[in-house]
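What follows is calculated from the coordinates using simple rules that are stated; it is not laboratory data. Bear in mind that the values here come from a model prediction, so they are computed numbers and not experimental data. Every residue, glycine as well, gets a Cβ built from its backbone with ideal geometry; the counts of neighbours run over all protein chains shown.
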Amino acid sequence: MENMVNIFLFGKKYSVPENLTIMTAMEYAGYQLVRGCGCRNGFCGACATIYRIKGDRELKACLACQTKVEDNMYIATLPFFPLVKQGYDIEKIPTTEAVMMQLYPEIYSCIGCNACTKSCTQELNVMQYIAYAQRGDFEKCAEESFDCVMCGVCSSRCPAGISHPQVAMLARRINGKYLAPGCGHLNDRVKEIKNGDFKELIEALMQKPIEEMKELYNTREIEK
Ligand code: FES
């Protein structure tokens, strides 16, 4: 007999096996997940969730696909959070801190409360990467934010209305396009592909059974 725990989904009580994740517990309880569910492996950020354990004042955030249920867990999912997403042409924007002032000026209103870092489902130092963005250190911002899954929980807690994941995305784009060392042979390979040099090889590969493709992929030569 499985051990059961009581959880509350959107205020309604359910008894579910204790070894389930929040996501699988929702399905066990009969929810069909159409939104708020993607990769099921902690990468896509679609399953942001907030919860509180009965008797505990702290409101916690997590990814539903990565977090086990607990007894007396009050759960609400956050399938989408409305971040501010500015449009820009990466070919034309300035690569100095002026770009942040222009597109995401709210980052300069950060009051240093650290609520973003405390709520990050990936345990990133969000406030720190925003500080890097403020001073135009895009390389460090990109590195510090690299594991962001854009779940938006940090922004939901921010009193300054900062859309941290979008700020970090801009920094990573600037870093990738203008600051990180280029990869010459990758450019050459893209040109060769566009030129059709690998057309026959690609078509032959596409005809192979999936198992053979997996084997080829797993035993491929990996560049140093
Ligand atoms: S479903 Fe993709 S991170 Fe949870």
Write down the radius of gyration of segment 98-179 and its Dmax, each obtained from C-alpha positions, in Å. 11.3, 32
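Mind giving me the FRET efficiency for ASN218 and ALA160? R0 is 35 Å, r the Cβ-Cβ distance, nearest 0.05 is fine. Present the calculation step by step, with values, prior to reporting the outcome.
Values: r = 46 Å, r/R0 = 1.33.
Between ASN218 and ALA160 the formula returns 0.15.
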Per DSSP helix of 4 or more residues, -39500 (n - 2.57); summed, then divided by the residues of the chain. What does that give at 222 nm, rounded to the nearest 500? -9000 deg cm²/dmol
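Can you quote the Å³ per residue value for the convex hull of the Cα atoms in the chain, rounded to an integer?
Details: hull volume 42.5 nm³, N = 224.
So the per-residue Cα hull volume is 190 Å³.
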Under unit Cβ charges (Lys, Arg +1; Asp, Glu -1), what dipole magnitude, rounded to 20 debye, does segment 87-199 have relative to its Cα centre? 180 debye
Amide H of VAL5 versus every other amide H placed in the peptide plane: which residues, excluding those fewer than 5 positions away on the same chain, fall under 5 Å? VAL16, GLU18
Residues with amide H under 5 Å of ALA29's amide H, sequence separation 5 or more or different chain, H placed in the peptide plane at 1.01 Å from N; which? none
Scalar couplings 3J(HN,Hα) for segment 89-100 by Karplus 6.51 cos²θ - 1.76 cosθ + 1.60 (θ = phi - 60°), nearest whole Hz, x for Gly and Pro, are 9, 4, 6, 10, 6, x, 10, 10, 4, 4, 5, 5
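Pulled fully out, how much extra length does the chain show between GLU139 and GLU27, if you take 0.36 nm times their separation in residues and subtract their Cα-Cα distance? Intermediate results must be reported in sequence, preceding the final value.
On the way: separation 112, 0.36 × 112 = 40.32 nm, distance 4.09 nm.
Value of the extension gain: 36.2 nm.
Students often get this wrong, so check it: of LYS12/LYS60; LYS92/LYS199; LYS13/LYS60; LYS13/LYS118, which have C-alpha atoms separated by over 22 Å? Intermediate results must be reported in sequence, preceding the final value.
Working: LYS12/LYS60 19 Å; LYS92/LYS199 34 Å; LYS13/LYS60 19 Å; LYS13/LYS118 28 Å.
Beyond 22 Å: LYS92/LYS199; LYS13/LYS118.
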Linear extension gain, GLU192 paired with VAL34, 0.36 nm per residue minus alpha-carbon span: 52.8 nm
Using a Förster distance of 35 Å, the FRET efficiency for CYS183-GLU211 (Cβ separation, nearest 0.05): 0.65
Excluding TYR74 itself, what net charge comes from residues whose Cβ is under 14 Å from its Cβ, given Lys and Arg +1 and Asp and Glu -1? +2
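Could you give the semi-axes, largest first, of the ellipsoid that matches segment 4-77, computed as the square roots of 5 times the alpha carbon gyration tensor eigenvalues and rounded to whole Å?
Values: eigenvalues 66, 40, 22 Å².
Equivalent ellipsoid semi-axes, largest first: 18, 14, 10 Å.
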Per-residue HN-Hα couplings for segment 79-88, Karplus 6.51 cos²θ - 1.76 cosθ + 1.60 at θ = phi - 60°, whole Hz, x for Gly and Pro? x, 8, 10, x, 6, 7, 10, 7, x, 7
